[in-house]
Amino acid sequence: MFLPGGTVRTGDLGYLDEDGYLFVLGRADNTIVLDNGKKIVVRPIEETAQGVPAVEDCVLVNPAPRELVAIVSPSADVDTAQLAAALKRGERRPRP
């Protein structure tokens with residue numbers, strides 16, 4: 001949502017430091033509502049992806065009204081083929 005003065009309301013939590021750098025800390029809400037009204041709780045999906053040994057981090061975003069996209073950062077020393085195969089299998093790290 002665009003607000004007066006050029007402010008954009010994203011639903012993210014964060015701050016600007018004294019040098020003007022933006023730090024994003026997380027979401028204000030973990031539910032994304034799609035154009036069809038379906039509510040997606042993204043935290044469990046992200047945590048499942050993060051349970052894959054080849055995945056360092058994952059965040060779900062809603063770039064368009066009917067789209068849900070996962071942005072995945074691979075773990076160190078993992079090539080993209082290994083990452084794709086692990087995600088396709090739904091491989092998970094053992095829980096501690």
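Filter the stretch 1-20 for residues that are outside any strand (DSSP E or B) and either open to solvent by 80 Å² or more (accessible area, probe 1.4 Å) or not acidic (D, E) (or both) and give the result.
Our first condition is that a residue be outside any strand (DSSP E or B); within the stretch 1-20, this holds for 1, 3-7, 9-11, 17-20.
Hits for the stretch 1-20 are M1, L3, P4, G5, G6, T7, R9, T10, G11, E18, D19, G20.
If we keep just the residues of the stretch 33-58 that are farther than 30 Å from D79 by Cα and open to solvent by less than 70 Å² (accessible area, probe 1.4 Å), which is modelled with the highest pLDDT? Don't jump to the end; show me each part of the working.
In the first step, residues of the stretch 33-58 are kept if they are farther than 30 Å from D79 by Cα; the result is 33-39.
Filter again for open to solvent by less than 70 Å² (accessible area, probe 1.4 Å), leaving 34, 37.
Values: L34: 86, G37: 89.
Result: G37.
Counting only residues that are of a type in the set (A, V, I, L, M, F, W, C) and open to solvent by less than 60 Å² (accessible area, probe 1.4 Å), which one in the stretch 71-83 is modelled with the lowest pLDDT? Spell out the reasoning first.
In the first step, residues of the stretch 71-83 are kept if they are of a type in the set (A, V, I, L, M, F, W, C); the result is 71-72, 76, 78, 81, 83.
Pick out the ones that are also open to solvent by less than 60 Å² (accessible area, probe 1.4 Å) and you get 72, 78, 83.
Values: V72: 86, V78: 81, L83: 76.
Within the stretch 71-83, the match that is modelled with the lowest pLDDT is L83.
Which residues, taken from the stretch 1-15, are within 23 Å of L60 (Cα to Cα) and among the aliphatic types (A, V, I, L, M)?
Hits for the stretch 1-15 are M1, V8, L13.
Would you please name the residue that is farthest from D35 (Cα to Cα), looking only at residues in the stretch 56-83 that are without any contact (Cβ under 8 Å) to a residue 12 or more places away in the chain and over 17 Å from the mean Cα position of the chain (by Cα)?
D77
Please work out if V78 is touching a helix residue (DSSP H, G or I) at 6+ places or on another chain (Cβ under 7 Å) and of a type outside the set (F, W, Y).
Values: touching a helix residue (DSSP H, G or I) at 6+ places or on another chain (Cβ under 7 Å): no; of a type outside the set (F, W, Y): yes.
Taking the combined requirement at face value, the residue does not satisfy it.
The values are calculated or read from the model by the stated rules, or taken from the named source; none is laboratory data. If you're wondering where the values come from, they're calculated on a predicted model, not measured in any experiment. Note: ideal-geometry Cβ built from the backbone for every residue, glycine included; neighbour counts use all protein chains shown. Please note that ligands, DNA and RNA were not included when accessible areas were found on the heavy atoms of the full protein model with its side chains. Shrake-Rupley method; radii C 1.70, N 1.55, O 1.52, S 1.80 Å.
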